[in-house]
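K.L.:
One structure follows; several queries about it will come next.
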Amino acid sequence: MKQSKLVLSVMAALLFLCSCFSPQAYAQFKSAILNKPNTVQTGSGIFFKLNLLGGTTVRPEQTVTKATYGVNRSLAIDFGKKKAASGSMGILTNTIDIQNKGGLLLLVVTAIDDTSPTAGSGITKFLSVLNLNLSLGSGTTSSVGLGYNPVLAALMPKGVYTGFVIVTVVLTGESFKVPISIELY
């Protein structure tokens, strides 16, 4: 009981001293609370460490429409319609940009997951992640590219294929699934 009273007394004295000798620090803290752009945030989770952003890849059979849209939780990839057997092995670079917001090096693993009713019979047959492992320094951004195999796509039934690009922070195991879709015709 005496220790807790001593701790409270010391804390009260420190607060009094800070208010007497450092009025500017108090004013800055007060303004940070009142002004939304300057608010101090704490938290955890994948979006506290990373930003997931849409890259510059356009839909395969268009020249203007971007394939990715949204950021973080709203990020999605829609390649639209694609003639299954057209072209050679396609490299869809810069599909997703991953930005490290923290001060530490982050190792990130990416993968594609299939959401077809029959496991292994869908999007993972003809679409793959090109850079499975990324090392992101503090404040840096890396792009995730996808590979499209038209020979394997030509063997698939026509229709819409869906899945996820999974982004996982290795150290914490936190992950997020970015929805992806493509229609083969």
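K.L.:
Mind counting the residues in region 80-97 that are open to solvent by 70 Å² or more (accessible area, probe 1.4 Å) and modelled with pLDDT under 70?
P.N.:
Residues that pass the stated criteria total 2.
K.L.:
Would you mention how many residues in region 153-180 are more than 24 Å from V58 (Cα to Cα) and hydroxyl-bearing (S, T, Y)?
P.N.:
The qualifying residues number 3.
K.L.:
Any chance region 91-109 includes a residue that's closer than 20 Å to G80 by Cβ and touching a helix residue (DSSP H, G or I) at 6+ places or on another chain (Cβ under 8 Å)?
P.N.:
no
K.L.:
Now, a different point. Could you list all residues from region 155-176 that are under 19 Å from G80 (Cα atoms) and part of a strand (DSSP E or B)?
P.N.:
Of everything in region 155-176, those that are under 19 Å from G80 (Cα atoms) and part of a strand (DSSP E or B) turn out to be G159, V160, Y161, T162, G163, F164, V165.
K.L.:
Among the numbered conditions (1) exposed (fewer than 14 other Cβ atoms within 10 Å of the Cβ); (2) under 29 Å from F48 (Cβ atoms); (3) among the hydroxyl-bearing types (S, T, Y), tell me where T115 comes up short.
P.N.:
Checking T115 against (1) exposed (fewer than 14 other Cβ atoms within 10 Å of the Cβ); (2) under 29 Å from F48 (Cβ atoms); (3) among the hydroxyl-bearing types (S, T, Y), the one that fails is (1).
K.L.:
How many residues are touching a Phe, Trp or Tyr at 6+ places or on another chain (Cβ under 8 Å) and open to solvent by 50 Å² or more (accessible area, probe 1.4 Å) if we restrict to region 156-185?
P.N.:
Of the residues in that region, 4 qualify.
K.L.:
Restricting the search to region 68-87, which residues are more than 21 Å from P150 (Cα to Cα) and part of a loop (DSSP other than H, G, I, E, B)? Break it down into steps so the answer makes sense when it comes.
P.N.:
Just the residues of region 68-87 that are more than 21 Å from P150 (Cα to Cα), to begin with: 69-76.
Result: G70, L75.
K.L.:
With respect to the numbered conditions (1) closer than 30 Å to K101 by Cα; (2) in contact with a helix residue (DSSP H, G or I) (Cβ under 6 Å, 6 or more places away or on another chain); (3) not β-branched (V, I, T), which one is the sole condition not fulfilled by S175?
P.N.:
(2)
K.L.:
In the set K66, K30, which member is open to solvent by 70 Å² or more (accessible area, probe 1.4 Å), among the basic types (K, R), modelled with pLDDT under 85 and over 16 Å from the mean Cα position of the chain (by Cα)? Even if it seems obvious, please write down each step before you answer.
P.N.:
On the way: K66 fails: modelled with pLDDT under 85.
Only one candidate passes the filter, namely K30.
K.L.:
A further question follows. Which one is modelled with the highest pLDDT, of the residues in region 113-151 that are among the hydrophobic types (A, V, I, L, M, F, W, C) and assigned to a helix (DSSP H, G or I)? Spell out the reasoning first.
P.N.:
Within region 113-151, the first condition is being among the hydrophobic types (A, V, I, L, M, F, W, C), and the residues that meet it are 119, 123, 126-127, 129-130, 132, 134, 136, 144, 146, 151.
Now narrow it down to the ones that are assigned to a helix (DSSP H, G or I): 123, 151.
Values: I123: 90, V151: 86.
The residue in question is I123.
The values are calculated or read from the model by the stated rules, or taken from the named source; none is laboratory data. Computed from a prediction, not measured in an experiment: that's the story for all the values here. Note that each Cβ is placed from the backbone with ideal geometry, even for glycine, and that neighbours are counted across all protein chains shown. Accessible surface areas use protein heavy atoms only, side chains included; no ligands, DNA or RNA. Shrake-Rupley method; radii C 1.70, N 1.55, O 1.52, S 1.80 Å.
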